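A quick write-up on the structure given underneath.
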Amino acid sequence: MVIDNKILDELTEKAKANPRLRFNLDLRNSADDQSQRMLNALEPGTIMPIHRHKGSSETCVCVRGHFEEYFYDEIGNLTDTIDMVPGGTVLNIEKGQWHSLKCLESGTILLEAKDGAYRPLEEDEVMDV
């Protein structure tokens, strides 16, 4: 698959139409893959709760647009903010690290990769603040 601007534009339009203001494109070969790879289209206003992945690190790259990644300690105090733009930082978020993000520009798309097969977040992987 060649991921070109046409595909990115389609993802953005689907994110805009989605009540959650985000939409992802699964890049796995099948649901049985032992890794997670996706493009995640985000729009300003999407809600990304503070969360962590107990069983996996997470790699994030900004493909287009602009977002900020936020890191938190165990009690919800903000500890770091990373500005994410195309051609900038590549993040490898450590397993168990609390994080969230804020989309700053319409048309933002990020590439995410995690270890293991997909599984929904568990209750103790989402922080109540």
Given (1) in contact (Cβ under 8 Å) with a residue 60 or more places away in the chain; (2) surrounded by 15 or more Cβ atoms within 10 Å (Cβ to Cβ), number of the condition Glu122 does not satisfy: (2)
The stretch 15-58, residues that are of a type in the set (Gly, Ala, Ser) and in contact with a strand residue (DSSP E or B) (Cβ under 9 Å, 6 or more places away or on another chain): Ala15, Ala17, Ser35, Ala41, Gly45, Gly55, Ser56, Ser57
Flag for Ile75 being part of a loop (DSSP other than H, G, I, E, B), without any contact (Cβ under 8 Å) to a residue 60 or more places away in the chain and among the β-branched types (Val, Ile, Thr): yes
Some residue of the stretch 94-107 being part of a strand (DSSP E or B), touching a residue at least 24 places away in the same chain (Cβ under 8 Å), touching a strand residue (DSSP E or B) at 6+ places or on another chain (Cβ under 9 Å) and of a type in the set (D, E, K, R): yes
Some residue of the stretch 25-39 being within 14 Å of the chain's Cα centre (by Cα) and of a type in the set (D, E, K, R): yes
Subset of the stretch 20-70 (residues that are surrounded by 18 or more Cβ atoms within 10 Å (Cβ to Cβ), part of a loop (DSSP other than H, G, I, E, B) and among the charged types (D, E, K, R)): Glu43, Arg52
Leading residue by the ranking (nearest to Met38 (Cα to Cα)) among those in the stretch 76-115 that are crowded, with 16+ Cβ neighbours inside 10 Å and among the charged types (D, E, K, R): Glu112
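Values quoted throughout were computed directly from the atomic coordinates according to the rules given, and no laboratory measurement underlies them. Owing to the predicted nature of the structure, the values given are computational and were not obtained by experimental measurement. Reconstructed Cβ throughout: ideal geometry from the backbone, glycine too, with neighbour counts over all protein chains shown.
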